[in-house]
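Inspection log for the structure reproduced underneath, given as structure tokens.
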Amino acid sequence: MLICLSSSTILAAIAKEPSTKQTANEINAEIIDKATLLIDLGRHKEALKLIALQAKSTSYELNYLKARASLGANDLQTAEQQFAALVQIKPNDPRIYLSLGNIAGKNGDLKRAILFYRKAISIDSQYAKAYLNLGVALGAMGKPKEAKNEFSKAIEINPRMADAYRNRGIIQESIGDIKGACEDWLAAASLGQDEPRLWRQRKCNTEDFNKRNMTGKSRSTGTSNIE
């Protein structure tokens, strides 16, 4: 049985006085694990509080998580400064360019976002998340065929990336490939996403779907937001 701990429980546990037997590196590692979990849960402000317990730490990974938490808390200016500082330390960390691309995208600068995503991919050609976000940015710029290609690359690298199927389905529908859209939404739904399941129910198993599939008509829509 899966037991989910609340973020307050996690914070309470980690805020205890560290064991005298723990080294600084062990304490950092423990906070990194807990902060990562909080960020993944969307508890960015709590992650920042946790990281502040090691404010004097020079750990690269801890400072990377601090920047991620700032971005998640929508403090874009602080996050950009923090990631820019990390680039000076590790200029070949593709995660930094992904995050800088996300910041540019949130600021509405899609061209700059695309440059950062492509930089991340140039460092790590197997970085599925970078292909995904590149596809989202290209879709938002009105380049559906290019966006579809990037989503397909993400799926090739990680066949269980639900967001890639979801977004490719949106693109498929926008260019009139309703059958392809429904297949992608089925894949996304099978990987646990609820919204594509609803889209499939509404668009792929009705008389309206059959008519649109024959005429090639579809709604024009954008892909999901960059994350």
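The values are calculated or read from the model by the stated rules, or taken from the named source; none is laboratory data. Being a predicted model, the structure only gives us computed values, none of them experimental. Cβ atoms come from the backbone with ideal geometry, glycine included; neighbour counts cover every protein chain shown.
Computed values, structure above
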{"quantity": "Residue ID - nearest to P196 (Cα to Cα), chosen from residues in the range 154-164 that are out of contact with any Leu (no Cβ under 7 Å at 6 or more places or on another chain) and assigned to a helix (DSSP H, G or I)", "calculated": "I155"}
{"quantity": "Output for the range 182-216, where each listed residue is on the phi > 0 side of the Ramachandran plot and modelled with pLDDT under 85", "calculated": "G216"}
{"quantity": "Criterion violated by E173 - all others in (1) among the charged types (D, E, K, R); (2) within 19 Å of L98 (Cα to Cα); (3) in contact (Cβ under 8 Å) with a residue 24 or more places away in the chain satisfied", "calculated": "(2)"}
{"quantity": "Top-ranked residue of the range 27-78 - restricted to ones that are touching a residue at least 12 places away in the same chain (Cβ under 8 Å), part of a helix (DSSP H, G or I) and polar (S, T, N, Q), ranked as farthest from R95 (Cα to Cα)", "calculated": "Q54"}
{"quantity": "Candidate set: the range 14-26, residues that are part of a helix (DSSP H, G or I) and not charged (D, E, K, R); chosen: the one modelled with the highest pLDDT", "calculated": "N25"}
{"quantity": "Flag for N149 being closer than 22 Å to I96 by Cβ, of a type in the set (S, T, N, Q) and touching a Gly at 6+ places or on another chain (Cβ under 9 Å)", "calculated": "no"}
